[in-house]
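Visitor: A single structure is presented below for examination.
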Amino acid sequence: MAKKIQAIRGMHDILPEQTALWQHLEETVRSVFHRYGYREIRTPILEMTELFKRSIGEVTDIVEKEMYTFEDRNGDSLTLRPEGTAGCVRACLEHGLLYNQIQRLWYQGPMFRHERPQKGRYRQFHQIGLETFGMPGPDIDLEVILVSARLWRELGIEGLELQINTLGTPEERHRYREELVAYLRRNEAELDEDSRRRMETNPLRVLDSKNPEMADIIAGAPSLMEYLGDESRDHFETITRGLVEAGVEYVVNPRLVRGLDYYSRTVFEWVTDRLGAQGTVCAGGRYDGLVEQLGGRATPAIGFAMGIERIVALLEVLERESPDQARPDAYMVLVGEAAGERGLVLAERLRHRLPKLKLQVNCGGGSFKSQFKRADRSGARVALILGDDEVNQGTVGIKWLREEREQAQVSQETLAEFMQEILGD
C-alpha cells in the first residue's frame with residue numbers, strides 16, 4: 001500500500017472555512033497602509049543565500065540552523081526567504097528606488113524557517129511587513145508605530161501592550177556592549193548555555209532571554225539608557241511624547257533589544273498574554289545600517305513585521321467575526337433539463353447587469369430537496385428557483401432562506417431589478 005501523502009511537517013493548509021478571517025485581515029491591512037501612503041512591493045520567495053548571510057549575519061540561529069538552503073543546478077546557493085526586509089532592501093537597491101528618494105513600502109507573503117512547529121509558529125509562515133527609507137527623524141518612527149496602532153483599532157483587537165526602547169547609535173551601543181560583556185563575564189557561572197554562547201557573539205540578545213532562571217541576572221545588567229547622547233535621547237523623547245499626544249499607551253522596556261549591528265535607536269513590539277508563550281504579534285525598529293551593509297549608500301530606514309498566523313489566532317481567541325466574502329447573495333436551484341440549460345445563461349445575464357452580485361448556481365444535478373439543502377448551506381440570503389414551469393412562463397421563484405417572507409414569482413426580465421433591491425437592503 002502506497003504511503004499516504006500529507007503536508008510537510010510545519011507547513012499547513014488554510015481551508016476555506018478559515019480563509020474568510022485571513023482575507024478580512026489582509027484587506028484591512030491593505031486599506032490602512034494605503035491610507036497612509038504606503039505602496040505594495042512583491043519580491044521573490046527565493047533569494048541568493050548571500051543576501052541573508054550579509055543582512056541577518058552568519059552566526060545567527062536563523063542562518064546557522066533555520067534557513068531552507070540548497071544548491072540549484074548551476075551550483076548557486078539559494079534560500080527560501082526567512083524574513084522580508086532583506087529582500088525588500090535588495091529590490092530597492094537593484095531598481096534604484098533609494099537614491100535621493102523617500103519610500104514607504106509594504107509587502108506580504110510566505111516565509112520559511114526550519115523551527116520546531118508549535119501553535120502560532122510554523123515552518124512556512126506568512127508575514128506582513130512595512131518598510132520606510134530615506135527619513136532619519138523621529139517623525140517617521142512615530143508614524144510607523146501609529147500605523148500599527150491604527151491597524152489594531154480597525155481589526156477590533158484590544159489589550160495589546162506597546163513596548164518601546166531605544167538602542168542609540170552604533171557608537172553608543174558599542175560602549176554599552178563593552179560594559180555589558182564585562183558584567184556578563186563577572187556572572188558567567190550563573191548564565192545558561194545559550195547566554196554563554198551569545199555573550200561573545202551577540203551579547204545584547206542575552207537581555208532578551210526567555211529563561212526565567214536568567215531574570216535576576218538580566219535585571220541587574222547595566223542599562224543602555226545611561227550610555228545615550230543628547231541627540232538619541234531627544235529622538236526617543238519626541239516619539240514617546242507623540243504617542244502620548246496621539247493617545248497610544250506604551251511601556252518603556254529597557255531589555256527590548258535587537259542583536260544585529262545595523263539596528264539603531266527605536267525598537268518596539270506589540271505583545272499579548274492571550275497566545276501563551278508566543279506573546280509578540282508585531283515587532284519593528286530602525287535599521288539605518290542595513291542598506292549600506294548590503295552595498296548601498298547609508299540610508300535611514302525603519303519598519304515592522306507581523307505574523308499573519310499569530311494575528312489570526314488572536315482574532316479567533318477574541319472571537320472577532322469577519323464577513324465571508326465568498327458567501328453568495330443568492331443560490332439558483334435548477335430542476336429539469338430545460339432549467340439546467342436556461343439557468344446558466346440567466347445567471348450570466350444577472351452577473352453582467354449586477355457586477356457586485358454573488359450568485360452561485362447549482363451544478364451536478366440533484367433532487368429539489370437536496371438542492372435546497374445546498375442552498376441553505378451556502379449561506380445565501382435567497383434561493384432563485386427555476387423549473388420547467390418557470391422556464392415556460394418566463395419567471396423565477398424567490399424563496400427567502402434567512403427571513404420569514406412569502407415565496408414570490410418574478411419575471412425573468414425584471415429579476416435584475418428585484419435582485420438590485422435585495423442588494424440595497
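Visitor: Which residues, taken from segment 396-408, are of a type in the set (A, V, I, L, M, F, W, C) and free of Cβ contacts under 8 Å to residues at least 24 places away in the same chain?
Guide: ILE398, TRP400, ALA408
Visitor: Read through the list (1) on the phi < 0 side of the Ramachandran plot; (2) surrounded by 15 or more Cβ atoms within 10 Å (Cβ to Cβ); (3) not aliphatic (A, V, I, L, M), then give the number of the only condition that PRO44 fails.
Guide: Unmet for PRO44, out of (1) on the phi < 0 side of the Ramachandran plot; (2) surrounded by 15 or more Cβ atoms within 10 Å (Cβ to Cβ); (3) not aliphatic (A, V, I, L, M): (2).
Visitor: List the residue pairs whose Cβ atoms are under 8 Å apart, where the first residue sits in segment 239-258 and is in contact (Cβ under 8 Å) with a residue 24 or more places away in the chain and in the same structural domain as GLU269 (by TED's automatic domain parsing), the second is small (Gly, Ala, Ser) and assigned to a helix (DSSP H, G or I), and the two are 6 or more positions apart or on different chains.
Guide: Cβ pairs passing all conditions: ALA246/ALA149; VAL248/ALA149.
Visitor: Still on this structure, please answer the following. Scan (1) under 38 Å from the mean Cα position of the chain (by Cα); (2) within 18 Å of THR414 (Cα to Cα) for the single condition ARG342 breaks and write down its number.
Guide: (1)
Visitor: Go over the candidates ALA416, ALA408 one by one and state the one that is in contact with a strand residue (DSSP E or B) (Cβ under 9 Å, 6 or more places away or on another chain), farther than 14 Å from ARG342 by Cα and of a type in the set (Gly, Ala, Ser).
Guide: ALA408
Visitor: OK, next. Can you say whether VAL396 is more than 24 Å from ALA326 (Cα to Cα), among the β-branched types (Val, Ile, Thr) and either in contact with a helix residue (DSSP H, G or I) (Cβ under 9 Å, 6 or more places away or on another chain) or surrounded by 18 or more Cβ atoms within 10 Å (Cβ to Cβ) (or both), as far as the supplied structure shows?
Guide: No: the conditions fail for VAL396.
Visitor: Which one is surrounded by the most Cβ atoms within 10 Å (Cβ to Cβ), of the residues in segment 109-144 that are among the aromatic types (Phe, Trp, Tyr) and part of a strand (DSSP E or B)?
Guide: If we take residues in segment 109-144 being among the aromatic types (Phe, Trp, Tyr) and part of a strand (DSSP E or B), then PHE133 is surrounded by the most Cβ atoms within 10 Å (Cβ to Cβ).
Visitor: Now, a different point. Can you tell me how many residues within segment 401-425 are part of a loop (DSSP other than H, G, I, E, B) and either charged (D, E, K, R) or within 13 Å of ARG349 (Cβ to Cβ) (or both)?
Guide: 9
Visitor: Against the definition (assigned by TED's automatic domain parsing to the domain that holds GLU348, surrounded by 13 or more Cβ atoms within 10 Å (Cβ to Cβ) and out of contact with any helix residue (DSSP H, G or I) (no Cβ under 8 Å at 6 or more places or on another chain)), how does ALA408 come out, yes or no?
Guide: So ALA408 fits the description; yes.
Visitor: Name the single residue that is surrounded by the most Cβ atoms within 10 Å (Cβ to Cβ) among those in segment 90-108 being under 25 Å from GLU27 (Cβ atoms) and out of contact with any helix residue (DSSP H, G or I) (no Cβ under 8 Å at 6 or more places or on another chain).
Guide: Once the filter is applied, the top-ranked residue is ARG104.
Visitor: Quick one: is VAL267 buried (at least 16 other Cβ atoms within 10 Å of the Cβ), under 22 Å from the mean Cα position of the chain (by Cα) and in a loop (DSSP other than H, G, I, E, B)?
Guide: No; evaluated as a whole, the condition is false for this residue.
Visitor: Looking at segment 66-77 only, could you name the residues that are exposed (fewer than 15 other Cβ atoms within 10 Å of the Cβ) and in contact with a Leu (Cβ under 7 Å, 6 or more places away or on another chain)?
Guide: Across segment 66-77, the qualifying residues are PHE70, ASP72.
Visitor: Right, here's the next one. Can GLY295 be described as small (Gly, Ala, Ser) and surrounded by fewer than 17 Cβ atoms within 10 Å (Cβ to Cβ)?
Guide: Spelling it out, GLY295 is indeed small (Gly, Ala, Ser) and surrounded by fewer than 17 Cβ atoms within 10 Å (Cβ to Cβ).
Visitor: Could you tell me which residue of segment 153-192 is modelled with the highest pLDDT, considering only residues that are part of a helix (DSSP H, G or I) and surrounded by 19 or more Cβ atoms within 10 Å (Cβ to Cβ)?
Guide: The residue in question is LEU155.
Visitor: Quick check on my filter: what residues within segment 219-245 are farther than 22 Å from PRO300 by Cβ and loosely packed, with under 15 Cβ neighbours inside 10 Å?
Guide: The answer is ALA219, GLY220, PRO222, SER223, GLU226, VAL244, GLU245.
Visitor: Only one residue in PHE70, PHE112 is without any contact (Cβ under 8 Å) to a residue 12 or more places away in the chain and within 25 Å of ASP13 (Cα to Cα), so which one is that?
Guide: PHE70
Visitor: So for segment 286-296 (the condition being of a type outside the set (D, E, K, R) and at pLDDT below 90), does at least one residue qualify?
Guide: Looking for residues that are of a type outside the set (D, E, K, R) and at pLDDT below 90, one finds none in segment 286-296, hence no.
Visitor: Looking only at segment 193-218, which residues are surrounded by 15 or more Cβ atoms within 10 Å (Cβ to Cβ) and among the small types (Gly, Ala, Ser)?
Guide: The answer is SER195, SER209.
The values are calculated or read from the model by the stated rules, or taken from the named source; none is laboratory data. The structure displayed is predicted, hence computed values, not measured ones. We place every Cβ from the backbone using ideal geometry, glycine too, and count neighbours over all the protein chains shown.
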